[in-house]
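Quick notes on the structure that follows.
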Amino acid sequence: MAEFITTFWAEYGSILLTGIRDTFIMVGISTLFAYLLGLPLGVALILTQPHGIRPNHLLYRLLDWIVNVGRSLPFIILMIAIMPLTKLIVGTKIGVKGAIVPLVVSATPFIARMVETALSEVDAGVIEAAQSMGASTFQIVWKVYLPEAKPSLVLGGAISIVTILAYTAMAGTVGAGGLGDIAIQYGHNRGILSVLWVTVIFLIILVQAIQLLFNWAARSIDKRLDQSAKGHKAFDLLARFAHTK
Amino acid sequence: MSESIIQIQHLTKTFGDGETAVHALEDINLDIRQGEIFGIIGLSGAGKSTLVRCMNLLERPTSGTVIVDGQQLSWMEKQADNKDEKVVFISERELRLVRRSITMIFQSFNLLMQRTVLKNVCFPMELSGVTAAKAKKRALELLEIVGLRDKAGAYPAQLSGGQKQRVAIARALATDPKVLLCDEATSALDPTTTASILALLKDLNQKLGVTVVVITHQMSVIEEICSRVAILDGGVIAEQGKVEDIFSNPSTDAARRLVYPGGASVAQYPAGTRAVRVAFNGGTAYQPLIASLAIDCGVKVNILGADTRDIDGKAFGTMLLGLPDDPNEAAKALAYIRAQHNVSAEEVEYHG
Ligand SMILES: Nc1ncnc2c1ncn2[C@@H]1O[C@H](COP(=O)(O)OP(=O)(O)OP(=O)(O)O)[C@@H](O)[C@H]1O
Ligand SMILES: [Mg+2]
């Protein structure tokens, strides 16, 4: 067994490490950019909705429509469809760089919905109280909506990252690099099952670790201290977003 | 008579339009004076919340004038092109400033759940740009006033309802407001806690001179702390005036429904029946009172209506007693009831 591990590592170690590194880069950078776009979009949805604090029917309908369209396109199709755009922005359609654009485009509406859901859980009465004290819209977003929804936002963060991780694997199959690429090239094309299984096990551990870490973080920052309700909240949110494309 | 702090003139509020329009408020006129505790009472759906929310423009009136501390928040203006008047509002910017001097507490407390008690009280000061150190000092003073200095580091979820409302009161006072609006502030609390919150409001009113506007559907709350009251019924003010005047001499049906417990209707009793409204504020239960009235004074009274609750052996609520025809006996009974602890009694007249 020890011998097997040594030879396996000598042969595929560096490939696997590169794959893991590429996956981390793709997930990290796309999550960052998707949040930079998705968070304001989610906030805008909350503010402009009919009962929001800045209702704007037209803008809300437009943003809502964009998010719905973005959410309804399967990632792999979206990736192919926007290849010209990808090329325009990062200069290439393939590799780690080429994957980031479609990952961001696909994850942004997803994250916007997640943020919208998290913020909609903030009690309307609390928002009203802030208004009655003379808070501006910016102050309400910055000092009420976001801090009060923090635990839900953190839980949503885990779901977003796992989703983006799943997308990177798909992107890997069309030449983006990362673990998905390795699984296809070695596991599928060349039939080296040991490599396939290592990537599978690694991904399982990674996803579990992300979930545990974020759940723990959400729980420990939540000052509502209502343990039973907390469990349900996390479960609800997960259930709502569990289906990825 | 002291100065006006809130003036409302010809205010109306309609939700929706056409067939489905709800006329929540119609031609409301109010004049709340500096330093008083003013009550607004009415049944559910009467428009109490809508009215109080018009005072800080959380709800924008459909028409009418709202003046707070000499500043117009809404007023009517003639349109250039025609003779119609249209309601105009103060700018958002100015409104945010006004809202620092007319703050509000709510039935559901509405504290920030992810902030400590101290940080909750600091919140309005943060909004208005007070430095962190100053805000903290002031917040601790306010927590001292509401009796929660030791809970500064706790989170709202760790507090009881009464404590939460105390924090909300401290928070509402943070910007040194001239007016404190209370929308059903005690409706979620048990009678004992209600009494302590009302006592606090009264105390703050006396010590700080803050005008308090109390919205409630409970007569006992009005009796406990208000000097004047407006009775809201189906979106119109049925009656307004001094609490004791309205209680002893309700002249409208809406007022009578509230004043006479158990919905006792005037028509049931002959005009000229002498009656007394007895309010129980957590003293002895009412049955012993009626019994001992008979034993100690030899006076028999009729219970015309009652709306009392027994909580931990203490009585809360009101009761309407029919007094004997004999004036001496009636006076004796009245004196006896008034001598009871935590019981107040007022003679009531009927106008058939
Ligand atoms: N946003 C709204 N849209 C439509 N109708 C409303 C709205 N807010 C209040 N109303 C209606 O206006 C009327 C007065 O409501 P309001 O909440 O002011 O009553 P209330 O006296 O505070 O009652 P409660 O004691 O139940 O709180 C009700 O008929 C209610 O349905
Ligand atoms: Mg109400």
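The values are calculated or read from the model by the stated rules, or taken from the named source; none is laboratory data. All values derive from a computational prediction rather than experimental measurement. Here the Cβ is made from the backbone with ideal geometry for all residues, glycine too, and neighbour counts use every protein chain on show.
Quick check on B:N56: is it within 16 Å of ligand 1 (Cβ to nearest atom) and in a loop (DSSP other than H, G, I, E, B)? Here the answer is yes, as B:N56 does meet what is asked. Determine which member of the set B:L148, B:L140, B:L95 is of a type outside the set (S, T, Y), surrounded by fewer than 18 Cβ atoms within 10 Å (Cβ to Cβ), farther than 23 Å from A:I127 by Cα and at pLDDT 95 or above. The match here is B:L140.
If the condition is being under 30 Å from B:A152 (Cβ atoms) and assigned to a strand (DSSP E or B), then region B:81-120 contributes B:I102, B:T103, B:M104, B:I105, B:F106. Set side by side, the residues B:L127, B:L143, B:L173, B:L118 differ, and just one is in contact with a helix residue (DSSP H, G or I) (Cβ under 8 Å, 6 or more places away or on another chain) and within 11 Å of another protein chain (Cβ to nearest Cβ), which is B:L127. If the condition is being in a loop (DSSP other than H, G, I, E, B), surrounded by fewer than 23 Cβ atoms within 10 Å (Cβ to Cβ), away from chain A (no Cβ under 11 Å) and on the phi < 0 side of the Ramachandran plot, then region B:176-194 contributes B:K178, B:S187, B:A188, B:L189, B:D190. On the stretch given as region A:127-141, residues that are crowded, with 21+ Cβ neighbours inside 10 Å, in a helix (DSSP H, G or I) and facing another protein chain (nearest Cβ under 7 Å) total 3. With respect to the conditions (1) within 14 Å of another protein chain (Cβ to nearest Cβ); (2) more than 10 Å from ligand 2 (Cβ to nearest atom); (3) surrounded by fewer than 21 Cβ atoms within 10 Å (Cβ to Cβ), B:S63 lacks only one, and its number is (1). Of the residues making up region B:16-29, those that are touching a residue at least 12 places away in the same chain (Cβ under 8 Å) and over 24 Å from B:T186 (Cα atoms) are B:H23, B:E26, B:D27, B:I28, B:N29.
Per-residue answers, yes or no, for (1) within 16 Å of ligand 2 (Cβ to nearest atom); (2) more than 27 Å from A:R54 (Cα to Cα):
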residue: B:S44; (1), (2): yes, yes
residue: B:L51; (1), (2): yes, no
residue: B:V87; (1), (2): no, no
residue: B:V98; (1), (2): no, no
residue: B:F106; (1), (2): yes, no
residue: B:N120; (1), (2): no, no
residue: B:G129; (1), (2): no, no
residue: B:A139; (1), (2): no, yes
residue: B:K151; (1), (2): no, yes
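Are there any pairs with C-beta distances below 9 angstrom linking a residue in region B:30-53 that is more than 14 Å from every other protein chain (Cβ to nearest Cβ) and within 15 Å of ligand 1 (Cβ to nearest atom) to a residue that is of a type in the set (F, W, Y) and assigned to a loop (DSSP other than H, G, I, E, B), with the two at least 6 apart or on different chains, and if so which? Correct list of pairs: empty, since none qualify. Being buried (at least 20 other Cβ atoms within 10 Å of the Cβ), of a type outside the set (D, E) and closer than 22 Å to A:L146 by Cβ holds for only one residue in A:L45, A:L39, and it is A:L45. Does B:E19 qualify as being within 16 Å of ligand 1 (Cβ to nearest atom), over 25 Å from B:L198 (Cα atoms) and outside any strand (DSSP E or B)? It is true that B:E19 is within 16 Å of ligand 1 (Cβ to nearest atom), over 25 Å from B:L198 (Cα atoms) and outside any strand (DSSP E or B).
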